[in-house]
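Everything below concerns the one structure shown next.
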Amino acid sequence: MLALVMVLAFLVMPILEIYVIIQVGEVIGGWWTVALLLVESLLGGWIVRREGRRAWRALQDTLQRGVMPDRELADAALVLVGGVLLLTPGFVTDFFGFLFVLPFTRPGVRRLLAAYAGRRVKIAQTRAGPMFPGPGFDPFGAASGGSQGAGTPRGPVVRGEVVDDDEKRP
């Protein structure tokens, strides 16, 4: 899956960007297209700088309070990725960059990415479940609803007492 995403990102995306730039250039003209790309980059840089500072301050405040900064870390990461996309020339990357950076679209993107990550974690847990059991796993079967008591191993068990003869020897 990751290989497919990388192929799309590095091969299809530049072709798509060039196609969109040519289409916009045919509608509004070449110089206006270049001017629009420059204005988008400048505006994007200004917004990234402002939102980056805001995200950094929110992250510092959360860390000083001693709270886990999950939302703040996600916002900082989205601003970072959005900034890279905005500085990449092209209309498609600018569109996604603005989605990641703008304060009124970022929470929606954050929720979508969190839901996607949650689904991926569940899939990974079901695939790796038998190899890497999670919390609540009891190697002796108590958590699995076995009829034996907690901490009692499965199979034949010889009950008894350990006698240490070492203390009696001179």
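The values are calculated or read from the model by the stated rules, or taken from the named source; none is laboratory data. What you see is a predicted model; the values in this text were computed from it and never measured. Cβ: placed from backbone, ideal geometry, glycine included. Neighbour counts: every protein chain shown. Calculation scope for accessible area: heavy atoms of the full protein, side chains included, ligands and nucleic acids excluded. Shrake-Rupley method; radii C 1.70, N 1.55, O 1.52, S 1.80 Å.
Leaving out ligands, DNA and RNA, and with a 1.4 Å probe, what % of the accessible surface on the range 1-84 is carbon or sulfur?
Heavy-atom surface of the range 1-84 belonging to carbon and sulfur, 1.4 Å probe: 75 percent.
Under 8 Å for C-alpha pairs, at least 6 residues apart: give me the relative contact order for the range 1-89, rounded to a whole percent.
Relative CO of the range 1-89 lands at 29 percent.
Mind ranking 73-83, 25-35 by how tightly packed they are, going by the mean number of other C-beta atoms within 10 angstrom, highest first? Let's see the in-between values first.
Values: 73-83: 19.5, 25-35: 12.2.
Highest to lowest by the protection proxy: 73-83, 25-35.
Between residue 64 and residue 24, what FRET efficiency comes out of the Förster formula 1/(1 + (r/R0)^6) with R0 = 30 Å and r the beta carbon distance, rounded to 0.05?
Numbers: r = 46 Å, r/R0 = 1.53.
It comes out at approximately 0.05.
Taking label points 7 Å from Cα along the Cα-to-Cβ direction, residue 92 and residue 57 give a separation of 3.7 nm.
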